[in-house]
1. Which of Phe70, Met23, Gly98 sits closest to the plus end of the dipole of segment 1-113, meaning its Cα is farthest towards the positive end, when Lys and Arg get +1 and Asp and Glu get -1 on the C-beta?
2. If you filter segment 99-204 for trypsin sites (Lys or Arg not before Pro), then keep DSSP loop positions with at most 12 other Cβ within 10 Å, what is left?
3. Sorted from largest down, what three extents in whole angstroms do the Cα atoms of segment 1-109 have along their principal axes?
4. How much of the accessible area of the chain, in percent, comes from carbon and sulfur atoms when a 1.4 Å probe is used?
5. So what are the three principal axis dimensions of the chain from its Cα atoms, in whole Å, longest to shortest?
6. May I ask you to order 142-149, 57-64 by the average number of other C-beta atoms within 10 Å around their residues, highest value first?
7. What is the extension gain from Asn96 to Ile25, computed as 0.36 nm multiplied by their sequence separation minus the C-alpha to C-alpha distance, in nm to one decimal?
8. At a Förster distance of 22 Å, what's the computed FRET efficiency of Lys156 paired with Thr176, Cβ-Cβ distance as r, to 0.05?
Amino acid sequence: MWSGQDYYLPYNSAIGFYPDSTMQIYRKYNLVPIVERVPFVHALKALDVLDLVDWQSAQGYGKGYEADQFKTNGTKTPGLVCYDSVFPSWVRAFVNNGAGFITVITNDGWWGDTSGHTQHFAYARLRALEFRRWVVRSANNGISGVIAPDGSVKVKTNYWERTGFRYEVPILTQQTFYAQYGDWLPYFLLVISFTSIGFIFYKSFNSNEYSQPH
């Protein structure tokens, strides 16, 4: 973005204010493609050797890279912004860094009357199950709620209803199998799958070669 003679980059962020006048900031990592950020913007800028496009202005929001958390009542919690909650590998970084519960803030009103806001809420239930953490979800024009570590919904507001609630959320510290070991299992299964497919093609090729008359 351009302001006078200087560039500045906006971020979609969560900000925490504390009684001692300190402040903490989390900048969203997983940005919605096109809507928030042009995909592969740095590669596109490198390819644009003639400088036909002002990629600095066109890129959209800046991308945060730090898994910063907010301190609260002797523990920490992330301020996951909207699309962040869809990615378990990103949430895992917070849990492994001491998050006692998971916080999600979002604005789901842009989904309108589609099922998008319901699906987005369901993703939060998956994160609760994966990490055995309570999830607190605060949605502006969406569904706010509290989800237990077993995936059960303890509090759930209605879509487009202005309301509020209080709930005491337990702090948990145990680490699940996924929190400890991450995505090695699906990666391992992918390797096995591709190896098996390659072996099948290899056997099929050899079988056809030997079956041809010489």
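The values are calculated or read from the model by the stated rules, or taken from the named source; none is laboratory data. Just so we're clear, the structure is a prediction, and the values are computed from it rather than from any experiment. Neighbour counts run over all protein chains shown; Cβ positions are idealised from the backbone, glycine included. The protein model used for the area step is the full one, side chains on, heavy atoms only, and it has no ligands, DNA or RNA in it. Shrake-Rupley method; radii C 1.70, N 1.55, O 1.52, S 1.80 Å.
1. Gly98
2. Those that pass, being in a loop and sparsely packed, are Arg162, Arg166.
3. For segment 1-109, the Cα spread along each principal axis is 53, 32, 29 Å.
4. Working: 8080 of 13790 Å².
Percent of accessible area from carbon and sulfur atoms in the chain: 59.
5. That works out to 86, 52, 37 Å along the principal axes.
6. Top of the packing list down: 142-149, 57-64.
7. Numbers: separation 71, 0.36 × 71 = 25.56 nm, distance 1.91 nm.
23.6 nm is the gain from fully extending Asn96 to Ile25.
8. About 0.40, to the nearest 0.05.
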